[in-house]
Amino acid sequence: MTIIGMLHHRLDPTTVLKSYAYAAVANAEGAQFFYFTPKSVNFDNRLIRGKVYENGEWHEKMMPFPDVIYNAGSPEKLSVSKEIIEKLKEEIPFTTHSIGNKWNVMKRLKEAKEFEKYLIPTEVVQDVEVFHKFISYHKKIVFKPIDGRKGKGIYFISRVGSTDFEVKKDSENEVYSKSQLDELIRRQLSTGTFIMQPYIQSKMKSGQIYDFRLHVQKNGEGKWIVTTVYPRIAPNGSIIPNINNGGYTNYLDPFLEQEFKEEAFNIRRMLEHFSLSLAHHLDEIQMVQFGEVIDEIGIDVGLDENQKIWMYEVNWRPGCPPAFYLELDVVINTIRYAIYLAKNQKQMTRQIRQQQNKSVTKEQQKPIIAITGSAGKTTSKAFLASILSGKWNIFESKDYWNTTEHTKKHAEEINASHQAVVLEYGMAYPGIITDHCSIIQPNISIITNIGLAHIGNFDGDIKGVAKAKSELIHGMDQNGLLILNKDDDNSKHLETQQFKGKILTVGIHSTADYRAYDIQYKDIGMTFKIKLQGQEIAMYIPILGEHHVYNALNAIAVADYLGFSPSDIEAGLNFKKPPRRLTIYNCREDITVIDDTVHSHPQGVRAAIDVLTNIAKKRKVAIIGQMRELGDLREEEYRKVGEYIYEQDIDLFITYGFRTEEMGAAAMAKGMDPSKIYHFINKEELHALLEKIIKPYDTILVKGASKTNMFETVKFLDQTFTA
């Protein structure tokens, strides 16, 4: 039986309300639990005068040294017994290690860089002059004690005119002159250390201020889990949502649905992934810097108008959530983790040493990652860059900047501060990828697929396209990493025979190193499952289409190879997708427009039609433009697209551009009603038809290469049927 000792600075456990809950849960979990203070420890006979909860009362008993100590008291008040506590730590594992005050936590995160982009700029207020320099730049600021708790002592200060300042504290609101404000600042600085930040607020539709508390803990397997995420809402007239200052909470899902509608699911996943990633990151820092592990944090965050996360505070001993069942969850996780720690202390010590050694000795070669392929380059790059930037400072090429001239510019811009480089290598003719590699040689390469894009430049021979793409394999570091698509039949023509490095595969329908399964369409994205690092992980991507699951798999494979955790990967997949890539416009009368107007080739057209078929509420309308550079294969590929339109039961089929009527003719030949097929070479005439025939609940796909300017049709539909 595991013995858990609860260390506290108070002599009487009846004054520590949570002690009852911990004693009861420990008993239910099969552990022996007692309460003690440092002064009750006797090292000579290795006994502790503790208090045990039995039959509804606390009884004093002599207890043996525990297997694990739940560190529950105030660090400041326990500091008087520092020698005793340090001696206990030499032989007994402790839970609940301090990660420092709010300033120290933010400082650590800033130095480590991975989460720096989520930090609100913060400065310690040295004097009144420093304060005024800060507010003159930021205009609205938060002024608060460095060790503040429960929202106490927070001032919101903003300029009013050229000489006065508005000062809000709790529900009070006053206007101060500069001299009055100076006096207030000096008075507060005399009581302790204060920090200041620009005021970034999250505002509900009602105008009320809110934030989110993200509460994460380690469970009985020593793994980080999300205990709860909940919004905290300030009362009307107040700008402090803290529960102890009159704020109140709500259930997460109804709140998100009310405030964010179709983005609700996406935001929930983003908050959960962020909290787990941050917990892992802080845990790693604690291991490296202090040789300790942490097991519970509370993170307060806000979302700005662009739904970007900003961190307000990180607390290493957060209060219990304001609901009984959640409070019980916190206690259960704490007790179970304590039991796990007691049984796995050697393993934990080994893990700490490994993390420290990794930090000190592991000098990894800077990953230079190049992505090519007939489709999916930009989206694969965006996924991967999003994941890697969660922990590293990376260089990412701009979307569609994939010519050799672009690569020359990138070579000038990449510097020693970049911890990884993610690039697209475009190709229209033989020899181009060789040129890319001579400018910047990658050590990690992704070939997304071999399709019909530019096949007209290779005499219609798919093997010629594969040979040109193989230049990336020949031009990269021959001992590096290569990612290939196991489901892509044409990728078998890639020249991998002489490659000496590691090859990893991705797939959905074939057995692969990274295989996605249980793929489902959601309102604005896709979910799928994958086996990663020995566990089944559910992933979400905020972009529609099974073909984009392959792009996500490319990023997952590289990130996993580079040592990123599943939670890091989950968080990074929630990326900002490239523009005009299956972007959804929700118009009035439940009309939906799907914008996919960047590139167009047969494989991509069929993928976009699949998305239309999967998300349409009622009528399915496909507007398909020219596909360029198909050469002699144009007639055959246009016929296949027309037949696919018929097979997918598309209700209205509209083609635009030179010779695209061949697609409509093929659909008609298969049996599609001729009255449901239209062809245009004049965009104004196309738009005039759309204005007449589009009905409520229609879902309209607009697909075409950027050179055909099909985005003009998207804009027309959005403006004509604007909500």
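Descriptive notes on the structure:
- Selected residue (criterion: surrounded by the most Cβ atoms within 10 Å (Cβ to Cβ)) from residues of the stretch 153-180 that are charged (D, E, K, R) and either farther than 19 Å from residue 313 by Cα or touching an Asp or Glu at 6+ places or on another chain (Cβ under 9 Å) (or both): 168
- Answer from 598, 641 - the residue that is in contact with a helix residue (DSSP H, G or I) (Cβ under 7 Å, 6 or more places away or on another chain), buried (at least 20 other Cβ atoms within 10 Å of the Cβ) and closer than 26 Å to residue 542 by Cα: 598
- Residue 358 being at pLDDT below 90, closer than 30 Å to residue 476 by Cβ and in a helix (DSSP H, G or I): yes
- Matching residues in the stretch 277-322 - criterion: being more than 23 Å from the chain's Cα centre (by Cα) and not β-branched (Val, Ile, Thr): 287, 289, 290, 291, 292, 317, 319, 320, 321, 322
- Only one of 676, 703, 692, 683 that is more than 28 Å from residue 400 (Cα to Cα) and touching a residue at least 24 places away in the same chain (Cβ under 8 Å): 676
So that you can scan it fast, the table gives a plain yes or no per residue for (1) of a type in the set (Phe, Trp, Tyr); (2) assigned by TED's automatic domain parsing to the domain that holds residue 283; (3) without any contact (Cβ under 8 Å) to a residue 60 or more places away in the chain:
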| site | (1), (2), (3) |
| --- | --- |
| 551 | no, no, no |
| 554 | no, no, no |
| 566 | no, no, yes |
| 587 | no, no, no |
| 593 | no, no, no |
| 639 | no, no, yes |
| 645 | no, no, yes |
| 650 | no, no, yes |
| 656 | yes, no, yes |
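- All conditions in (1) surrounded by fewer than 18 Cβ atoms within 10 Å (Cβ to Cβ); (2) touching a residue at least 40 places away in the same chain (Cβ under 8 Å); (3) out of contact with any helix residue (DSSP H, G or I) (no Cβ under 9 Å at 6 or more places or on another chain) hold for residue 142, with the sole exception of (1).
- Odd one out for residue 513 among (1) surrounded by 14 or more Cβ atoms within 10 Å (Cβ to Cβ); (2) more than 30 Å from residue 265 (Cα to Cα); (3) of a type in the set (Asp, Glu): (2)
- Residue in the stretch 462-481 that is closer than 20 Å to residue 555 by Cα, surrounded by fewer than 22 Cβ atoms within 10 Å (Cβ to Cβ) and within 29 Å of the chain's Cα centre (by Cα) present: yes
- Checking 267, 294, 285 one by one, the residue that is closer than 21 Å to residue 116 by Cβ and in contact with a Leu (Cβ under 7 Å, 6 or more places away or on another chain) is 294 and no other.
- Taking the criterion of being surrounded by 18 or more Cβ atoms within 10 Å (Cβ to Cβ), over 19 Å from residue 558 (Cβ atoms) and of a type in the set (Gly, Ala, Ser), the residues of the stretch 516-545 that qualify are 525, 545.
- Residue in the stretch 700-712 that is in a helix (DSSP H, G or I) and over 13 Å from residue 625 (Cβ atoms) present: no
- Count - residues of the stretch 562-595 that are surrounded by fewer than 18 Cβ atoms within 10 Å (Cβ to Cβ) and of a type in the set (D, E, K, R): 5
- Residues satisfying the stated conditions in the stretch 373-403, i.e. more than 30 Å from residue 283 (Cβ to Cβ) and crowded, with 19+ Cβ neighbours inside 10 Å: 373, 374, 375, 376, 377, 378, 379, 397, 402
- Scanning the stretch 239-260 for residues that are at pLDDT 90 or above, out of contact with any strand residue (DSSP E or B) (no Cβ under 6 Å at 6 or more places or on another chain) and not polar (S, T, N, Q) gives 253, 254, 256, 257, 259, 260.
- Qualifying residues in the stretch 363-392 (those that are polar (S, T, N, Q) and either part of a loop (DSSP other than H, G, I, E, B) or in contact with an Asp or Glu (Cβ under 6 Å, 6 or more places away or on another chain) (or both)) - the one modelled with the lowest pLDDT: 364
- Yes/no for residue 617 being touching a residue at least 60 places away in the same chain (Cβ under 8 Å) and among the charged types (D, E, K, R): yes
- Condition check for residue 65: within 30 Å of residue 100 (Cα to Cα), more than 37 Å from the chain's Cα centre (by Cα), touching a residue at least 12 places away in the same chain (Cβ under 8 Å) and crowded, with 19+ Cβ neighbours inside 10 Å: no
- Selection within the stretch 689-723: residues that are of a type in the set (A, V, I, L, M) and under 33 Å from the mean Cα position of the chain (by Cα). The member of this set that is modelled with the lowest pLDDT is 723.
- Within the stretch 51-60, one or more residues are more than 30 Å from residue 141 (Cβ to Cβ) and β-branched (Val, Ile, Thr).
- Selection from the stretch 611-634 of residues that are at pLDDT 90 or above and charged (D, E, K, R): 618, 619, 620
- Residue that is nearest to the chain's Cα centre (by Cα), among those in the stretch 510-553 that are within 19 Å of residue 610 (Cβ to Cβ) and among the polar types (S, T, N, Q): 527
- Matching option when the condition is out of contact with any helix residue (DSSP H, G or I) (no Cβ under 9 Å at 6 or more places or on another chain), farther than 22 Å from residue 716 by Cβ and touching a residue at least 60 places away in the same chain (Cβ under 8 Å), among 540, 561: 561
- When the stretch 589-623 is filtered for residues that are farther than 22 Å from residue 524 by Cα and not in a helix (DSSP H, G or I), only 601 remains.
The values are calculated or read from the model by the stated rules, or taken from the named source; none is laboratory data. Fair warning: this is a prediction, and the values are worked out from it, not measured in the lab. All Cβ positions, even for glycine, are placed from backbone atoms using ideal geometry, and neighbour counts span all protein chains on display.
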